[in-house]
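Report on the following structure.
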Amino acid sequence: MSFETFNLHPSIMAGVRALGYVTPTPIQLKSIPPIMQGRDLIGLAQTGTGKTAAFVLPILQR
């Protein structure tokens with residue numbers, strides 16, 4: 001699975017690619033879809049697993 005699956009705006013995807021992100025981490029896979037649907041979410045993952053991107057990308061999309 002890739003970040004393309006999330007159907008993010010082209011300018012957001014350009015930023016994702018520029019940062020070198022290719023494959024979402026498990027926390028991103030599980031959290032981005034419900035956040036993009038406007039649902040609340042509480043997630044727990046180790047430092048460095050991409051929680052900030054999982055939170056910010058859907059906000060930028062909306």
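Nothing in this text is a laboratory measurement; each read-out follows from the coordinates by a stated rule. Computed from a predicted structure; not experimentally measured. Reconstructed Cβ throughout: ideal geometry from the backbone, glycine too, with neighbour counts over all protein chains shown.
Across the stretch 33-40, computed HN-Hα scalar couplings (Karplus, 6.51 cos²θ - 1.76 cosθ + 1.60, θ = phi - 60°) run x, x, 5, 5, 7, x, 7, 6 Hz from first to last residue, x flagging Gly and Pro. Between residue 14 and residue 49, the simple spin-label model (points 7 angstrom out along Cα→Cβ) gives 3.3 nm. Kirkwood analysis of the Cα pair distances in the chain returns a hydrodynamic radius of 11.7 Å.
Couplings for the stretch 43-48, taken from phi via the Karplus curve 6.51 cos²θ - 1.76 cosθ + 1.60 with θ = phi - 60°, read x, 9, 7, 5, 4, x Hz in order; Gly and Pro are left as x. Per residue of the chain, the DSSP helices (runs of n ≥ 4 H) give a summed -39500 (n - 2.57) that works out to -15000 deg cm²/dmol at 222 nm. As a length-normalised measure over Cα pairs under 8 Å and 6 or more apart, the relative contact order of the stretch 3-61 settles at 39 percent.
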